[in-house]
Amino acid sequence: MTDSTAQCKTGLLGCLGLSWFFRLLSSSIGQKFVMGLTGLLLCGFLVAHLAGNLLLFAGAEPFNHYAHALHSQWELLALAEFGLVVLFLAHVYLAVTTTIGNYRARRDFYVLKQSKVPGRIIGANSWMFASGSVVLGFVILHLIDLRLGLRSSLHYLPEENFEAPFRNTLAALSDPISRVVYFLGAIILGVHLSHGFASAFQSLGLNHPKYTPLIKIIGKIFGVIIAVGFASIVVFVPGMWR
Amino acid sequence: MNHVASKNLNLTLKIWRQAGPKQPGGLKTYQVRGISTDMSFLEMLDVLNEQLIASGEEPVAFDHDCREGICGTCGVVINGQAHGPDSGTTTCQLHMRRFHDGDTIVIEPWLAKAFPIVRDLIVDRSAFDRIIQAGGFVSVNTGNAPEANTTLVPHHVQQDAMNAAACIGCGACVASCKNASAMLFVSAKVSHLASLPQGQAERSKRVLNMVATMDAEHFGNCTNTGECEAACPAKIKLSNIAQLNREYMKAALLSKE
Amino acid sequence: MVTVADTPLDGRCPDGNIASRWDQRKRDLKLVAPNNKRKYTVIVVGTGLAGGSAAASLAELGYNVLSFCIQDSPRRAHSIAAQGGINAAKNYQNDGDSVWRLFYDTVKGGEWRARESNVYRLATLSTSIIDQCVAQGVPFAREYGGTLTNRSFGGAQVSRTFYCGGQTGQQLLLGAYQAMMRQVSGGGIKLFTRREMLDLVVVDGIARGIVTRDLVTGKYETFVSDAVVLCTGGYGNAYYLSTMAKTCNVTAAWRCHKRGAYFANPCFTQIHPTCIPVSGDHQSKLTLMSESLRNDGRVWVPKTKGDTRSPDQIPEDERDYYLERRYPSYGNLAPRDVSSRAAKERCDAGFGVGPSGMSVYLDFSKAIKEDGESVIREKYGNLFHMYERITDENPYKVPMRIYPAVHYTMGGLWVDYNLQSNLPGLYVLGEANFSDHGANRLGASALMQGLADGYFVIPYTVGDHIATRKVKPISADRPEFHEALEAAKSRTAAILNVKGTHSTEHFHRALGKIMWDHVGMARNEKGLLHAIEQIKTLREQFWHDVKVIGSGETLNQNLEHAGRVADFLEFAELLARDALYRDESCGGHFREEHQTEEGECERNDADFSYVSAWEYQGIGTESILHKEPLTFVDAPFGVRSYK
Ligand SMILES: Cc1cc2nc3c(=O)[nH]c(=O)nc-3n(C[C@H](O)[C@H](O)[C@H](O)COP(=O)(O)OP(=O)(O)OC[C@H]3O[C@@H](n4cnc5c(N)ncnc54)[C@H](O)[C@@H]3O)c2cc1C
Ligand code: HEM
Ligand code: SF4
Ligand code: FES
């Protein structure tokens, strides 16, 4: 079609020559792609976040230094946080819309349903939305606890205090509600990733007989590392530095 | 492995009965006796239907034709599994030796928004035809073809194409998927034609149009559970879906279509 | 007895050099101008290889095509089940093949009962089929270097069969189906699935439309066209047990026959030697094990009668490789009719194996030992898998057990060289016509014929009908349409009204038994006369006693089946009569009265070198026989020996 007026009928994106982009984002595969990409980038964040947080085992000094070093780069940090929020919201938004779409496509449910995948009784993957939702709950509480500092019961130290990062984290980790939610969140996040990690590669079209089996194994290991890593912080750190 | 002598089974069948697309449906219970383990699953249903006719009840409608596992016409969900318990097997090729005396077997039609029920165990799979119609072909008019050996196709490429082309269009992938996704079916055709030199000219257009139609027909998205691959009688591999994703993104981002 | 028409039937073949006859015909055929084509409607009934390829090609030319099939999708036509391959005279193997040799093999394979001109055209077009299919993306098997590869099939000493694993028919059909769907999206084809053709409408002696029943809603409809192309496949299900798909039927062809189209050579039916044996009374369908298996499998029975040892316990020298023994130069690749009879002969003589004694071994142990299991798996994996699923025996370890079964029907509606029946405007393609295989079809030649007819013959010849007869537009309000519609409705209603006590299945099985016992692999006068009487009686019983539940206004598979069985019950009589009248043995038609001392066919060229084309005179009235004489110049009569 060379008639430009005809193209404009498809709206602003059309006029900008971006209707293809709209088509991409509204297609099932485009959405999957974004889901996978955001998921993997969030995984990248998790690795960095876990590495930083493992410093809690090393004690107040190293952790506070790390935290202050991070905060001194505030422009970068703001950018990263903004990026994370976008990734996260995109991931959650698509999770909700595709799950609704998928539910509608199924429409009717079998009276009896059994998996045909050898050895599978209930797979982690049928619970991606459920596990994601638990993670979402965990993340929200986590942000309330530590990013926004909204829970007065935790008795936050003011930010100017050099000890604040460590003390405040410890306060949150010692709170019974947070402990339970964080612990569950970490485990469920691991479950989410044990399927999600390898699945994202499939969604991105990255599949190869030589590498895919490896990616699948790495995905499982990754899930375990994330779960055990974060959960161990919840379990051990408060006791170590009481 | 030598054939085990055949036995006779008495079974309880719970079958989805539905008089028409708009009528309500439900499971109905029937008893069949003396089913030989050498029978195919459909032959067992034949026996039931003869019994129903004799007693004046309308026989159970189920789709079938070749009874050889190739036409893709048959297909029901048996005890919650599309095409029953055997892997790489269509309903017509499933044999009763897979069952035991006294078993209860629940038989339901393919369920999906895109596959409305026609009657009993028969569904309307014409959405698959419309997906192929959107681009699952090579545009070459009769008489236009060059000599067959002009373009060489390496053995392994041919094998990949053949493995993908083996899809029988039965719809078990959709039926078994919690999202009623048709990705395995679509990916089989896209991979088949994308891997061959003859499919190159329309490679981008094909995948864009087929996926657009797939979405418009209300199939769900893929969440990589692998249920389709496990249910597929033609053993179409999940790797085709990865290829579909790749083909689609390449076409969406890089082609002029 | 039989009334024979005075004037011989003319196949209207071009004359002159056989190699240039098709070119000459193409020169003589009238054309329809490109922009005029869209003014004409062509009905194509059937979406198998013949119908699919015809519909696609006609729509590409610009005709308005209306396409009909019984299945829910055109892709499911019976052609999908073809396993072994498709012949073409490409001579890629450099083993001496040529158009002439394919032509000769086909005429000889059919025992000199096919039309030379047609067969030569078929052999010529065979190469273009492969080109066309490859261009569509059909993934034919390849050599490592990327060239196309071939396998051998029965009845040929060259390797000319192209294949896609054990799913050749599937891949070819999907190619045609995809070409069709491309035209559906372009508007050239209107698709009508789950529609059964129940009658042909003839107006002023010209085929002008059809009557169909919508199998989902039960609605009857009429469709008007300028030509009707019938591609409705074979009638093997007259025998109940066959390798045909369950919906294969004679209904469309039979109803055309009742409207005046001649039915040719109905007794030429093919019994395929390698099928999985019947396992019990429940059996609803027989499964073919592709003939290609005989490339590597060896057929044998024990040398001692009633030997019940398991096959691995029977030493080499106590095995009778009877095909290799009787036909040393073709061995296990002897043609189908010959191999089938040889198996029957061994089993009837008491050497058969398996629980019923009605099967022979097809043994791969030698090939597995020589080439390795993986090679065999690549060639036949899906067939072995299918065998194991059905029989619960692993053919990599235990020899397969096989027995002959009805597989293909060479007979069909009579057509001339242009594939037009004696009713102008009615064309018949693929297995539904009688044209190219004579008394026996060679393996891998049906796919070739269906596609040659659809891709490369009908696009030329339909135009000639439209251009020369200057067909005028008509409306479906004509009385002929009403009459046909009412006839179709009342026949279905009559079936529903019988309200008897026996199911359709019962009658179909009973018919099948009569046919297999008396009109099967070996026939004789007494048996045939007996069969004719039995068929008549069964037909009467059917109309008094069939029980079809449900209504005609919904999807009712039982009713569909009953309609088809009703037609089989009429048609079967003609089949048996044709077999009775053809008092010779040739190809798939073996009359026990005419055999050599070694049990081979004894053909009678002096009296029977013609096509029998039957003209309908009413049920219970004997049909009139039209003879189309056959002459053989380029492939002169010979002895059909595979020794
Ligand atoms: C198991 C098996 C294996 C075979 N293997 C080979 C092989 O390897 N090589 C080879 O060359 N040949 C083989 N053959 C033979 C070959 O497959 C068939 O002869 C050929 O495919 C017939 O094609 P067709 O288009 O004429 O008819 P079909 O494919 O039978 O199609 C008939 C079409 O007509 C439609 N139809 C029928 N009746 C009606 C009606 N009343 N109203 C509306 N529509 C109707 C059907 O829906 C269908 O679409 C094999 C056959 C069988 C059974
Ligand atoms: C740190 C947080 C998270 C990480 C690292 C993460 C990671 C991933 C990854 C890698 C995938 C695989 C993507 C694919 O299959 O293409 C995925 C899928 C998914 N995620 Fe998350 N996720 C996170 C949080 C969430 C949240 C909060 C939700 C909210 C509901 C969620 C819901 C889902 C769903 C439903 C899927 C399945 C989508 C599909 O398979 O198509 N995730 N996630
Ligand atoms: S991909 Fe497999 S399950 Fe899906 S339609 Fe094709 S053959 Fe059936
Ligand atoms: S009936 Fe054809 S695949 Fe089952």
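Laboratory data are not the source of any read-out in this text; all were calculated from the coordinates shown. Everything quoted here is computed from the prediction, not taken from an experiment. In this analysis, Cβ positions are derived from the backbone assuming ideal geometry, glycine residues included, and neighbour counts consider all displayed protein chains.
Quick look at the values:
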item	result
For chain C: relative contact order, % (alpha-carbon pairs under 8 angstrom, 6 or more apart)	21 percent
Dipole magnitude of chain C about its Cα centre (Cβ charges: Lys, Arg +1; Asp, Glu -1), debye to nearest 20	1560 debye
Anchor B:Lys28: lysines whose Cα lies under 17 Å away (excluding residues fewer than 8 positions away in-chain)	B:Lys14
DSSP bridge orientation in the protein assembly as shown - percent antiparallel, rounded to nearest 5	70 percent
Exposure proxy ranking, count of Cβ atoms within 10 Å, fewest first, for A:Trp241, C:Trp543	C:Trp543, A:Trp241
Likely footprinting exposure, C:Phe434, B:Phe115, fewest C-beta neighbours within 10 Å first	B:Phe115, C:Phe434
Over segment C:1-146, relative contact order from alpha-carbon pairs under 8 Å, at least 6 apart, %	18 percent
Straight-distance crosslink candidates among lysines, where the alpha carbon sits under 18 Å from C:Lys643 and sequence neighbours closer than 8 are dropped	C:Lys108
Förster radius 22 Å - calculated FRET efficiency between C:Asp545 and C:Asn497, Cβ distance, rounded to 0.05	0.95
Cα-based helix-to-principal-axis angle, C:49-61 vs chain C, degrees rounded to 10	40 degrees
Shape parameters for chain C, alpha-carbon atoms, Rg then Dmax in Å	23.6, 74
Per-residue [θ]222 nm for chain A (sum of -39500 (n - 2.57) over DSSP H runs n ≥ 4, rounded to 500)	-24000 deg cm²/dmol
Among B:Thr89, B:Ala5, B:Gly136 the positive-end extreme of the charge dipole of chain B (Cβ point charges)	B:Gly136
Rounded tilt (10° steps) of C:557-581 against the dominant C-alpha axis of chain C	70 degrees
Between helix B:183-195 and chain B: long-axis angle, C-alpha atoms, 0 to 90°, nearest 10	40 degrees
Dipole magnitude of segment B:8-118 about its Cα centre (Cβ charges: Lys, Arg +1; Asp, Glu -1), debye to nearest 20	400 debye
Computed over segment C:272-406: relative contact order in percent, which uses C-alpha pairs under 8 Å that are six or more apart	34 percent
Above-threshold pairs, the threshold being 29 Å between Cα atoms, out of B:Lys205/C:Lys190; C:Lys37/C:Lys246; A:Lys216/B:Lys178; C:Lys258/C:Lys472	C:Lys37/C:Lys246
Lys/Arg +1, Asp/Glu -1 at C-beta; segment C:272-406 dipole; positive extreme among C:Ile368, C:Gly306, C:Ser329	C:Ser329
Cα-based reach from C:Lys513 at 15 Å (exclusive), listing aspartates and glutamates while leaving out same-chain residues under 8 positions away	C:Asp281, C:Glu505, C:Glu533, C:Glu573
Estimated translational D of the protein assembly as shown in µm²/s (Stokes, Kirkwood radius over Cα pairs; 10 °C; 1.306 mPa s)	50 µm²/s
Convex hull volume per residue in cubic angstrom - Cα atoms of chain B	160 Å³
Sorted by Cβ density within 10 Å, fewest first, the residues A:Arg120, C:Arg12	C:Arg12, A:Arg120
Three-way shape label, segment B:8-118, alpha-carbon gyration tensor, a/c 1.5	oblate
GNM flexibility winner over chain A from A:Asp175, A:Asp145, A:Asp108 (Cα, springs under 10 Å)	A:Asp108
Average partner coverage of B:86-94, which counts Cβ from other chains inside 10 Å	2
Efficiency of FRET from Cβ geometry, A:Ser174 and B:Lys205, R₀ 56 Å, rounded to 0.05	0.40
Long-range lysine pairs (8 or more apart or interchain), segment C:276-435, Cα under 21 Å	9
Antiparallel bridges, percent of DSSP beta bridges restricted to chain C (to nearest 5)	70 percent
Rg over Rh, two decimals, segment C:272-406 (C-alpha only, Kirkwood Rh)	0.93
Antiparallel DSSP beta bridges within chain B, as percent of all bridges there, nearest 5	75 percent
Top positive-direction residue, dipole computed over segment C:166-223 with Cβ charges, set C:Leu198, C:Gln178, C:Gly209	C:Gln178
Neighbourhood charge, 13 Å Cβ-Cβ cut-off, centred on C:Asn497 and excluding it, Lys, Arg +1 and Asp, Glu -1	+3
